[in-house]
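Nothing in this text is a laboratory measurement; each read-out follows from the coordinates by a stated rule. Not measured: the values here are computed from a predicted model. Because the Cβ atoms are built from the backbone with ideal geometry, glycine has one as well, and the counts that use them run over all protein chains shown.
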Amino acid sequence: MNTASILGVQFHAVTKQQAVELAMSKIRSRQKGYVVTPNPEIVDLCRHDEKFMGVVNHATLVLPDGIGIIYAAKILGEKLHGKVAGIEFAESLVAAMAKENMRLYLLGAKPGVAEKAGANLCAKYPGLVLAGTHDGYFSDPQEVVDSINAAGGADVVFVCLGAPKQEKFIADNMDDIHSTLFCGLGGSLDVFAG
Ligand code: UDP
């Protein structure tokens, strides 16, 4: 996969459709991984936090979230195939998951939001299985890990805690969670909840 370096962040040059196809093939073959969707603010956070930069650059998919990244790539002479907003990638992935009756767990946002987002996604994409939800205001990450594992094997977990909390949660806990793909998606649950 071609990459475009923006201030040290290695973005993947993929279209939304290619990103979804790659994610689906990883899920089907149960190859653990995670997706990050850096916007300019996240690139700036990376510049000041080497560990966070490492987490971002080790992702299975690093998607350019926003036109600011595309302009930066142009100025730097790096090639990307247009923006792939996190929320748009997420919705297309859910649509593909629904066709294969895959299981989704939603973590993040204020109490009640993830449930509402899940209900809306299930209504829009029949076939999708909502494995479970948890709000994003917890003090014990282990309790969240246990609750995801108790939900009976979610294929995908959307981790929506804002950056850099969500990426750090994924890096610290993904090995202990019995799920395949983790996606850091910021405020997406608020949008899906409507
Ligand atoms: N959030 C959370 N736990 C926290 C802090 C934030 O679940 O400790 C949620 C917040 O409720 C919101 C999302 O994370 O739903 C962050 O949204 P924001 O738009 O700030 O993130 P961005 O999309 O800009 O990364």
With the contact rule set at Cα under 8 Å and sequence spacing of 6 or more, what percent relative contact order holds for the chain?
24
Calculate the dipole size of segment 1-85 relative to its Cα centre from +1 charges on Lys and Arg beta carbons and -1 charges on Asp and Glu beta carbons; express the result in debye to the nearest 20.
400
Would you list Ile42, Ile69 from fewest to most Cβ contacts within 10 Å?
Ile42, Ile69
Among beta bridges that DSSP assigns inside segment 3-193, antiparallel share in %, nearest 5
15
Take the residue pairs Lys110/Lys165; Lys79/Lys165; Lys83/Lys116; Lys99/Lys168; Lys16/Lys124; Lys110/Lys168 and return only those whose Cα atoms are more than 23 Å apart.
Lys79/Lys165; Lys83/Lys116; Lys99/Lys168
Charged-residue dipole, Cβ positions (Lys, Arg, Asp, Glu), segment 3-193 about Cα centre, Debye nearest 20:
600
How would Tyr125, Tyr105, Tyr137 line up from fewest to most surrounding beta-carbon atoms within 10 angstrom?
Tyr137, Tyr125, Tyr105
How would you classify segment 3-193 from its alpha-carbon gyration tensor, with a ≥ b ≥ c the square roots of the eigenvalues: rounded for a/c under 1.5, else prolate if a/b is greater than b/c, otherwise oblate?
prolate
